[in-house]
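Enquirer: I have a structure I would like to understand better, so I am pasting it below and will then ask my questions one at a time.
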Amino acid sequence: MVRASRPVGSRWALLPTGVALFFAPQLLGGSGAIYSAAVLIAIFAVMAYGLDIIVSDLGEVSLAHTVFFAAGSYTTALLATRSGAGAWLTLAGSIVVALAFAGFIGLVTLRLREFVFSLVTYAVAVVAMTVAANWQFLGGSDGVRGIPLLDLSLPGLTLKAKDDRTLWPYAFALLVLTLYLVDRFRHSALGAAAVMSHLNPRLATMSGIDLARVRLQVFLLSAPISAAAGWLYAYQRAFVSADVLESYFLILMLTAVVLVGRRQLLGPLAATAMVLVQEKFFSLGGYVDKIVLGSVLVLILGFFPQGLAGLARPLAAAWRARAGQPPR
């Protein structure tokens, strides 16, 4: 199978965008609220990218990705508070636990498709929330508190974060790493196989692609991404409870995936930013914000299935026609 490649120039074109994003909180005033919003945008965007490759590339709607996000959060909280593990060890533990969950869920759902797949993954999420809220080992309804500050220090190099301002570089680095991994996946043989297995399963099988193996591999790739977001969220929040499994996070992930358009590299980031900017700076109230978020998801899925990018194309064509330019 031929791997798709991205021109080197297009990768370098993203550099100014990255620099602008990194300095955006400072340019917007540098207040604590702005840095807090920036950190949460980065964390929740990373969380959404884990689901994005399942929905956009594999063509399935997993409703269990809050489990991987929660796995990262809870593993971090338990290791940090009960064994005194450092941030590097909690990150490794989060990835291992997420892979274990993904392997189990993936094997169970390998041969399920579409509605049945979504239903089973949602059942997994419901079971996980019930367990987290009632199992005292996980803190029950009170959760796990007392998570220390993020400390990624290495011999001779101090890397600590004491607030959102100092946590931002690490959140940004996690976001950049995630974007790199997603881009590499989409230009790899596995990414091409995932898309082919989604668009034309029969042709994929005839081409020698093992559909079950591809589905499992993509599932195993997606889980650590969402878990890494949960890892950093635990340090940012300093405690973890069963609310990380609430439907809000699932709806946020789904909205981030579809709002701008599927298979858009910066789509989940842009969508997450739009949602959180509204909630943090133009809030209509906690419950109303959730209603707005859910309504946006319904409108996009019901009327603009290609997202805002799909809506922009006919508008751009109409504008060019009005200006007398030939359509593209």
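Enquirer: Taking 0.36 nm per intervening residue step and subtracting the Cα-Cα distance, what contour gain separates K162 from R184 on full extension? Display every interim value, and only then the final one.
Expert: On the way: separation 22, 0.36 × 22 = 7.92 nm, distance 3.26 nm.
Going from the current span to full extension adds 4.7 nm.
Enquirer: Hey, can you rank 176-184, 211-219 by average C-beta count inside 10 Å, highest first? Present the calculation step by step, with values, prior to reporting the outcome.
Expert: Numbers: 176-184: 16.7, 211-219: 19.7.
With the highest mean Cβ count within 10 Å placed first, the list reads 211-219, 176-184.
Enquirer: Given only helices, namely DSSP H runs of n ≥ 4 each adding -39500 (n - 2.57), what is the per-residue ellipticity at 222 nm of the chain, to the nearest 500 deg cm²/dmol?
Expert: -24000 deg cm²/dmol
Enquirer: Can you classify region 177-328 as rounded, prolate or oblate using the Cα gyration tensor, where a ≥ b ≥ c are the square roots of its eigenvalues, rounded means a/c under 1.5, and otherwise it's prolate if a/b beats b/c and oblate if not? Don't skip to the answer; put the middle values down first.
Expert: Working: a/c = 2.07, a/b = 1.05, b/c = 1.97.
Oblate shape, in that a/c is at least 1.5 and b/c is the bigger or equal ratio.
Enquirer: Could you rank M196, M253 by how accessible they are, 1.4 Å probe, largest area first?
Expert: M196, M253
Enquirer: Before I look further, what does the chain give for accessible area per residue, probe 1.4 Å, in whole square angstrom?
Expert: Details: 16490 Å² over 328 residues.
With the other protein chains kept in place, the chain gives 50 Å² per residue.
Enquirer: Among residues other than Y248 whose Cβ falls under 15 Å from its Cβ, what is the net charge (Lys/Arg +1, Asp/Glu -1)? The partial results should precede the final answer.
Expert: Values: positive: R237, K280, K290; negative: D243, E246, E279, D289.
Spelling it out: positives minus negatives among the neighbours equals -1.
Enquirer: Give me the dipole magnitude in Debye, nearest 20, for the chain about the Cα centre, with unit charges on the beta carbon: positive for Lys and Arg, negative for Asp and Glu. Can you show the working numbers first?
Expert: Details: 24 positive and 14 negative charges, 199 e Å.
The calculated dipole for the chain is roughly 960 debye.
Enquirer: I would also like to ask the following. How big is region 39-154 along each principal axis, measuring the range of its Cα positions in Å and listing the largest first?
Expert: Sorted largest first, the three principal extents are 42, 32, 24 Å.
Enquirer: Using a 7 Å offset from the Cα along the Cα-to-Cβ direction at both V131 and L284, what is the distance between the two label points in nm, to one decimal?
Expert: 3.7
Enquirer: Shifting gears a bit: Run the paramagnetic zone check for L119: 7 angstrom along Cα to Cβ, then residues of region 48-66 with backbone nitrogen under 15 Å.
Expert: Residues 61, 63 fall inside that zone.
Enquirer: Can you run phi through the Karplus equation (6.51, -1.76, 1.60; θ = phi - 60°) for region 24-38 and list ³J(HN,Hα) in whole Hz, with x for Gly and Pro?
Expert: 4, x, 5, 5, 8, x, x, 6, x, 5, 5, 5, 4, 5, 4
Enquirer: Multiply the residue gap between A20 and W88 by 0.36 nm, knock off their C-alpha separation, and tell me the result in nm, one decimal place. All intermediate terms of the calculation are to be shown ahead of the outcome.
Expert: Working: separation 68, 0.36 × 68 = 24.48 nm, distance 2.81 nm.
Working it through step by step, the gained length comes to 21.7 nm.
Enquirer: Additional query: Restricting to Cα pairs below 8 Å that are 6+ residues apart, what does the relative contact order work out to for the chain? Please round to a whole percent. If you can, show how the numbers build up before the last one.
Expert: On the way: 456 pairs, mean separation 96.7, N = 328.
Computed value for the chain: 29 percent relative contact order.
Enquirer: Within region 67-101, find all residues whose amide N lies under 20 Å from a label point positioned 7 Å from the Cα of D142 along Cα-to-beta-carbon.
Expert: Inside the label zone: 74-84.
Enquirer: Now for a different question. Shape verdict for region 184-262, please, from the Cα gyration tensor: rounded (a/c under 1.5), prolate (a/b greater than b/c) or oblate. All intermediate terms of the calculation are to be shown ahead of the outcome.
Expert: Details: a/c = 2.84, a/b = 2.24, b/c = 1.27.
Because a/c hits 1.5 or more and a/b exceeds b/c, region 184-262 counts as prolate.
Enquirer: Using +1 at the C-beta of Lys and Arg and -1 at the C-beta of Asp and Glu, which of G286, P148, V214 has the Cα lying farthest in the positive direction of the dipole of the chain?
Expert: Result: V214.
Enquirer: Still on this structure: For the ranges 121-128, 23-30, 235-242, what's the packing order if you count other beta-carbon atoms within 10 Å of each residue, average per peptide, and put the highest first?
Expert: Details: 121-128: 17.4, 23-30: 13.0, 235-242: 20.2.
Ranking the peptides 121-128, 23-30, 235-242 by packing returns 235-242, 121-128, 23-30.
Enquirer: How many Å³ per residue does the convex hull of the Cα positions in region 69-216 occupy?
Expert: Details: hull volume 22.3 nm³, N = 148.
Considering the Cα atoms of region 69-216, their hull volume per residue is 150 Å³.
Enquirer: Taking 0.36 nm per residue of separation and subtracting the Cα-Cα distance, what length does fully extending V277 through S295 add? Mind showing how you got there, number by number?
Expert: Values: separation 18, 0.36 × 18 = 6.48 nm, distance 1.67 nm.
Result: 4.8 nm gained on full extension.
Enquirer: So, how do all the Cα-to-Cα distances of region 211-254 break down into 10 Å bins, in percent, from 0 on up?
Expert: 23, 44, 26, 7, 0
Enquirer: With a ≥ b ≥ c taken as the square roots of the eigenvalues of the C-alpha gyration tensor of region 141-200, please select rounded if a/c is under 1.5 and otherwise prolate if a/b is larger than b/c or oblate if it is not? Walk me through the numbers before you get to the answer.
Expert: On the way: a/c = 3.55, a/b = 1.99, b/c = 1.78.
It is prolate, given that a/c is not under 1.5 and a/b is the larger ratio.
Enquirer: Cβ neighbours within 10 Å, averaged per peptide: list 185-194, 150-159 in order, most packed at the top.
Expert: Values: 185-194: 19.1, 150-159: 11.4.
Averaged packing, sorted descending, gives the order 185-194, 150-159.
Enquirer: Hey, what's the per residue convex hull volume over the C-alpha atoms of the chain, in cubic angstrom?
Expert: Measuring per residue, one finds 171 Å³ for the Cα hull of the chain.
Enquirer: With each pseudo-label sitting 7 Å past Cα toward Cβ, what's the L28-R111 distance in nm, one decimal?
Expert: About 4.9 nm, to one decimal.
The values are calculated or read from the model by the stated rules, or taken from the named source; none is laboratory data. None of the values given here were measured: they were computed from a predicted structure. Here Cβ is always computed from backbone atoms with ideal geometry, including for glycine, and neighbour counts include all displayed protein chains. In case anyone asks, the SASA skips ligands and DNA or RNA and just uses the protein heavy atoms, side chains included. Shrake-Rupley method; radii C 1.70, N 1.55, O 1.52, S 1.80 Å.
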